[in-house]
Structure formats: C-alpha cells, structure tokens
1. How many percent of the accessible area of segment 151-303 is carbon or sulfur, using a 1.4 Å probe?
2. Keeping all protein chains in place and using 1.4 angstrom, which order do 192, 236 fall into by accessible surface area, from largest down?
3. What nm value, rounded to one decimal, do you get for the distance between residue 134 and residue 51 when each label is placed 7 Å out toward the C-beta?
4. Quote the FRET efficiency, to the nearest 0.05, computed for residue 109 versus residue 148 with a Förster distance R0 of 35 Å and r equal to the Cβ-Cβ distance.
5. Of the candidates 237, 105, 84, which one comes out as most mobile in a Gaussian network treatment of the chain with C-alpha springs shorter than 10 Å?
6. Please tell me the relative contact order of the chain in percent, rounded to the nearest whole number, where contacts are Cα pairs under 8 Å and at least six residues apart.
7. Looking at the chain, which longest stretch skips every one of the GluC sites (Glu not before Pro) that is in a DSSP loop with at most 15 other Cβ atoms within 10 Å, leaving the sites themselves out?
8. With every protein chain left in place, what is the accessible area per residue of the chain in square angstrom, probe 1.4 Å?
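The values are calculated or read from the model by the stated rules, or taken from the named source; none is laboratory data. Treat the numbers as computed from the prediction; the structure is a model and nothing was measured. When we count neighbours, we look across all protein chains shown, and the Cβ atoms used for this are built from the backbone with ideal geometry, even at glycine. Quick note on the areas: whole protein, heavy atoms, side chains included, nothing else; ligands and nucleic acids left out. Shrake-Rupley method; radii C 1.70, N 1.55, O 1.52, S 1.80 Å.
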Amino acid sequence: MNKELLRENRVHGHSLFPVSVYPKVNQLNGDSILDCHWHDEMEIILMEQGTAVFHVDMNVYEVAAGDAIFVGSGEIHAGYLLGDERCIFSAIVFDSRWLSGPSYDALQENLFDPLMTKRLIPPHHIQKNTAWGSSILHYIHQILHDHEVKSRTLEISTKAHLYLIFADLFEQMQLADKATGVTGSPDKIDRIKVALGYVHDHYSENIKLKDLASHLNMSEGHFCRFFKQMVQKSPIDYINHYRIQKACKLLENTNSKVVDIALEVGFDNLSYFITLFKKQKQLTPSQYRKLFYEQIAIEAITI
C-alpha cells in the first residue's frame, strides 16, 4: 500500500527556515475547508471565524472560532464547515526536525522521538476555555503577528514560540496505551490513505466501487462500511465531493465552459453535475464563478 498517493506536494518554507504561515484563509462557499491530505510537517490550524469539524486520522473534533487544531507528522486530516457562518482560518506548517538540536539530547529523547513514533499522543483540539489552551493560543497569535509584520526577529521568535507551544502540549500528552479517543491502527490509516489517493488520481475517470474495493483487497460491502467509518462519507459522496472541489478550482482559474469542466472532473451528465454542485455550494457553477471574481475585485479595491 503506497500512502505516498495522498501526500501533499507543496514545499513549506525552505531548508534554513522550514516554516510556512497561511494567514486568514477564506472559504468562499460550500462545506469543505481542507480536502483529505497529509504531509511530514506538523501543522497548527487556528479558527478565526466560523465553526468546523476536523478529522485527524480517525478522530473527529468540532472546532469553534478561537480554538485551534494540532496535526502531527504524517497524520491524515480534513476540515468541513459546520453551520452557515463563513469560515476563516490561519495555518502554521513546520518541520519538527528544525526544533531538534544538532545532536541527540533530552528533548529529542523525551519529546520529539516519542511524538513522532506515536508513543506519546498530544491533544489535537486546543480550546480557548482551558488554561493550557489559552496559553498555546497566545503563542500561536504571536507567531502569526510576527509573520504579518515581518519582524526582524521572525526566525528566532517563531522557534521560541513553537518550543513554548510544545512545552504546554507536553504537559497534556498521554502514553499511547492510555490515550482517550480513537487512535486507530496504522494499517487502517494506511489503507484509507491508499483509497483516497486512488480517488485523487482517478477522479476524472469512471471510478467503480468494485475497483476501489479490489484495490484494497476488500469486498465491496466491507469497503463501503470501512470507508464511511474512516471518512464520515460514503465512497460515492466523497468522490462527488472531490470532483466538485476540483471543478471549483477550474471555475476560479480558467475560462473553460461549464460543460467542459464537468467532463474534465469526471461527470458525463451536465445536468447531474449542476445539481450536485448546487447541492454542495448552494450556487450554480456560473454563479460560483461570478461570485468568486466579484470578491477578488472587492479585495483588490480594499488593498
């Protein structure tokens, strides 16, 4: 099973400063914030506005504005809107190896090695109404602020605040065999990564459930139950959802006709494509494109 199928290819930061900050990412419409993906870097996602449900491996968290989510290295994660309020979030993505010393030390032995090998399980949901959560959120806001103003001490302040975040997280970590919640077996997580990766590679084609199931050496019924348990969507719902997300990118970044976009993302029936699109986005494809460019124009005027 090749979990590389679902790996995100984006480069975060650079070798001397492997940190990327994505401030105030704005969800235009629909229910998807983040499609299922994973990367070797760790990530902290701060909800600035709205409420969302985040999936981290097999765990599900309802995250309100002002709270944050911590995603460990290699953990598959996704986010979906909850409610009608538009979602805005910021993200900090960083390579944990940057926080390790040049030689093996107590920090590596007691924190980062157990964390990377899943012997220590951190809390994924960082809540503002807890003392430790409030402390971490303060450091997150400081990192975001330093990046926004391009502080002269950006590199050292970012590293310092990440250390402080881990100091507070460490106090809340549990040994793997005592952790609460669903941790899931590595085999299950690897299998769902393969299934999602197959969809991401073949979404423009005619995907049949029997092909997906056989790709994981499962019966069709077993596969559908397994997929729903792991992703909280049926395979068909997920495939259609992913195709609509790809269609949105094409509507935003190309002048292609709606019928051509429908074909490109795997729909051979234009009427069915428009019906599904409107169900997910509460707009027709043409309305979505119009709204997108109107908002781009407004943002350009206000800059």
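1. Details: 4590 of 8690 Å².
Exposed carbon and sulfur together represent 53 percent of the surface.
2. Working: 192 5, 236 80 Å².
Reading off the accessible areas and sorting them downward yields 236, 192.
3. 2.2
4. Working: r = 35 Å, r/R0 = 1.01.
Step by step, r from the Cβ atoms, then E = 0.50.
5. Ranking 237, 105, 84 by mean-square fluctuation puts 105 first.
6. Details: 441 pairs, mean separation 51.2, N = 303.
Reported relative contact order: 17 percent.
7. 86-204
8. In whole numbers, the chain has 51 Å² accessible per residue.
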